[in-house]
Structure formats: C-alpha cells, structure tokens
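Chemist: Attaching a single structure in structure tokens format; questions to follow.
The values are calculated or read from the model by the stated rules, or taken from the named source; none is laboratory data. Computed from a predicted structure; not experimentally measured. Note that we place each Cβ from the backbone using ideal geometry, even for glycine, and neighbour counts take in every protein chain shown. For the accessible areas, the whole protein counts, side chains as well, though only heavy atoms, and no ligand, DNA or RNA atoms are used. Shrake-Rupley method; radii C 1.70, N 1.55, O 1.52, S 1.80 Å.
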Amino acid sequence: MTIRVLIADDQGMVRAGFAALLNAHDGIEVVGQAADGAEAARLCARLEPDVVLMDVRMPELDGIAATRRILGPDYPAARVPRILMLTTFDIDDYVYDALEAGASGFLLKDALPEELVHAVRVIAAGDALLAPSVTRRMIEHFGARRPRPAVARPTLAGLTEREREVLTLIGRGLSNAEIAAELFIAEQTVKTHVGKVFQKLALRDRVQAVIFAYDAGLVSPAV
C-alpha cells in the first residue's frame, strides 16, 4: 500500500527537497504541499494523507495549532493522518506541546535522507517515532517546568498492577525488549500489556503514554 504524505513547511526549497526525496522511494507518494498550518489543515481534509510532515514554526497557523486542528474532534475527513513534527532544534520548546497535541513524533530537519524515509514508514505503520533517549530528555527538559495536571484516578485505577508497571516503564523510555528484561517476562507478553494499556487509556501511541505517565505521577524528571 502506498503511503500518502503531505508536507507542511513555509520554506519552498525544503518542501521541494523533501518531496523529491520521498517520491524517489517505492511505496511513498507526496500528495500535497502546504506553506502554512492553515493550508495544511485544509489540504489534509481534502487529500486525506496517511502522514503529515509538519514544521513547528509556520506563519498564519503554526504546526502545533495545525496539529490540534487536524487531530481535533471537528476534523471533517474520515481518515485521520499521523503527524510527524519537523524541527530545527534537538530540544525545541514547542516539541512537547506538539506531542501532547497528538503528534506521533518529531524529526530534525537536518536528519539524514534515510532517516526521513524511515520516519515516514514508522509513523505510517502506527508506531511513534520517539527513541528512548529522546523520551528521557523530553521528560527531563520539559517536565521540571511544566505544571502537572490532575489525572482522574478512576482512569488509572482501571489498570492492573502489571499494566501500571508497564506504563511506568514506557514513561521512563524503555523499549518493549527492555521492559521484558526489567520485569522478567516475555517480550510478547509485554506487547499484550502495552496494547491493553493503550486501549484502556485511549492512547494512540507511546508518545501519549509517556505524557500520560508523567501527568499521572508515575514518572518524573528525577527518575
């Protein structure tokens, strides 16, 4: 199945470069380009891409606001895309807000070509592009400065003790293999627990799980 991609960036040369790179690979097709967040939201509703490469900083409507609009309840299209944020900085003050808005990961604009292609495929497959080291840095960098909102206890109480443990370890940035080693269980069992956690908490991916774990007080910058 061909992965349909929309590129949103206010720099024409950047859009053209990304489009040429992605179109050169089998199974990926760039179906549209947008110069700002508002245009990206309009094109998403009309073109229904699978993945959106979304620049953080754009005129009229920035990438974070555009992400909220596209992933919000009023989005008119049946197919909701997965969003990969593009940023110039390794640790960007806006990245955390973008992930909280529903983006499935972020990538540096100076990433290698093969990293961009890999990122698109990973996001399209339904996974989050957030390496454990990035997860840890995200918590350390943003967690200390961001107020922790109250999380409804009944929601967290719906998890079993093992599922709670798994969620905590996801929040600490561990992969499934690392969680399996930590808990002395099979990796397939971990995958089952992760799936149940996502289902019970209505989480899209590991990015949202990390944010939920922090907000619930299961992990902290000091962990």
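Chemist: Glu140: open to solvent by 40 Å² or more (accessible area, probe 1.4 Å), assigned to a helix (DSSP H, G or I) and modelled with pLDDT of 80 or more, yes or no?
Modeler: Values: open to solvent by 40 Å² or more (accessible area, probe 1.4 Å): yes; assigned to a helix (DSSP H, G or I): yes; modelled with pLDDT of 80 or more: no.
So Glu140 fails the test.
Chemist: Just to be sure, is Glu178 surrounded by 14 or more Cβ atoms within 10 Å (Cβ to Cβ) and at pLDDT 95 or above? Steps first, please.
Modeler: On the way: surrounded by 14 or more Cβ atoms within 10 Å (Cβ to Cβ): yes; at pLDDT 95 or above: no.
Considered against the rule, which asks whether it is surrounded by 14 or more Cβ atoms within 10 Å (Cβ to Cβ) and at pLDDT 95 or above, Glu178 comes out as no.
Chemist: State all residues of the stretch 19-55 that are in a strand (DSSP E or B) and not polar (S, T, N, Q); if no residue qualifies, say none.
Modeler: Selection gives Ile28, Glu29, Val30, Val31, Gly32, Ala34, Val51, Val52, Leu53, Met54, Asp55.
Chemist: Take the stretch 75-92 and flag every residue that is closer than 21 Å to Arg206 by Cα and either assigned to a helix (DSSP H, G or I) or modelled with pLDDT under 90 (or both). Give the steps one after another, and end with the answer.
Modeler: As a first pass, look at the stretch 75-92 and keep what is closer than 21 Å to Arg206 by Cα: 79-87, 90-92.
Correct list: Arg79, Val80, Met85, Leu86, Thr87, Asp90, Ile91, Asp92.
Chemist: Note down all Cβ pairs under 7 Å where the first residue falls in the stretch 64-86 and is under 20 Å from Asp10 (Cα atoms), the second is among the hydroxyl-bearing types (Ser, Thr, Tyr) and in a loop (DSSP other than H, G, I, E, B), and they're at least six residues apart or on different chains.
Modeler: Filtered contacts from the stretch 64-86: Ile64/Tyr94; Arg82/Ser104; Ile83/Ser104; Leu84/Ser104.
Chemist: Also: Looking at Gly126, Gly102, Gly72 in this structure, which one is assigned to a loop (DSSP other than H, G, I, E, B) and open to solvent by less than 10 Å² (accessible area, probe 1.4 Å)? Working first, answer last.
Modeler: Working: Gly126 fails: open to solvent by less than 10 Å² (accessible area, probe 1.4 Å); Gly72 fails: open to solvent by less than 10 Å² (accessible area, probe 1.4 Å).
Only one candidate passes the filter, namely Gly102.
Chemist: Mind listing whichever residues of the stretch 1-26 are open to solvent by 20 Å² or more (accessible area, probe 1.4 Å) and touching a residue at least 60 places away in the same chain (Cβ under 8 Å)? Please lay out each step first, then the result.
Modeler: Start the filter on the stretch 1-26 by keeping residues that are open to solvent by 20 Å² or more (accessible area, probe 1.4 Å), which leaves 1-4, 10-18, 20-21, 23-26.
Once the filter is applied, which keeps residues that are open to solvent by 20 Å² or more (accessible area, probe 1.4 Å) and touching a residue at least 60 places away in the same chain (Cβ under 8 Å), the stretch 1-26 yields Ile3, Val14, Phe18, Leu21, His25.
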